[in-house]
Amino acid sequence: MKSIFLNERVVLSVIVFNAIIIFIQECGVDVVWLNIIDFLCTLFFVTEICVKISHLGWKGYWKDGWNWFDFIVITISLPSVAEFFIPIHDSFDAIQITRTLRIIKFSRLFHHFPDFPIIVKHFGSAMKKTWGILCAFALCLIVASLICTSLLKNVVPEYFGNPGESIYTIFRMCTIEGWYEVPNAIATATEPVWGAVAKVAFSLVLIMGGIIGMSLVNSIFVDEMVSDNNDDIKEQLKRIEEKLDRMGKN
């Protein structure tokens, strides 16, 4: 019986099956047998955790980071089980939220993706390569937002009414989403000269932040993500070079 809960294929099958059930439920299909299946899947995951702890031991279970991940995901989604026993009304917002938390169980699929640890490793390496540029981009974004708030909060408060709103507006322009709406709104609310200045200024923001800045970050990040990072080959080449150096000296 224990082998069922320790079999990765069986666990993966239950995860996929439960994901399909949750998808159907979130589409608005509300029937009792779907709730029963979802409850049984959750019970399976809880039992899996207990069996793993029994099999590996308490300390052995917590040595694996994925076990931590599974435990947290299932624990967070456990309150949704209350829906099976307690009638849910619209006034119980907290219980409604826990029902939505069942979706978190989807993320357990990451555990079983091929080469997912390698993807995570490349992602961490890419973040290390781009963190400096991201910090500089964030600093420029904050400075530009504060300047815009100071100058335009009374002109177009819907875009620059406070620093938080300004940061969102500038960032949205850097993603090239509706970038022309802001200068057009400023031009409508001010004199033609200031409207022209605003169009030129925000065009520069678009070019520097949206086209050059974002493209630079994306290029470095993607390049690091798709690189092979052949550490073994580099190590072998280093050893060959060391052997050749020793042979040359002899």
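Things worth noting here:
- Counted charge near VAL182, where neighbours are those whose Cβ lies closer than 12 Å (Asp, Glu -1; Lys, Arg +1): -2
- Pairwise FRET efficiency - ALA138 versus TRP33, Cβ, R0 = 35 Å, nearest 0.05: 0.10
- Summed residue charge, Cβ within 12 Å of PHE202's Cβ, Lys/Arg positive, Asp/Glu negative: +1
- Across the options TRP33, VAL51, ILE21, the greatest Cα extent toward the positive end of the charge dipole of region 1-60 (unit charges at beta carbon of Lys, Arg, Asp, Glu) belongs to VAL51.
- Nearest-0.05 FRET efficiency for PHE123 and VAL10, computed from C-beta distance (R0 41 Å): 0.90
- Label-reachable residues, region 126-145, where backbone N falls under 18 Å from a point 7 Å from ILE220's Cα toward its Cβ: 126-142
Throughout, read-outs are computed from the coordinates displayed, never taken from laboratory work. Keep in mind the model is a prediction, meaning the values are calculated, not measured. All Cβ positions, even for glycine, are placed from backbone atoms using ideal geometry, and neighbour counts span all protein chains on display.
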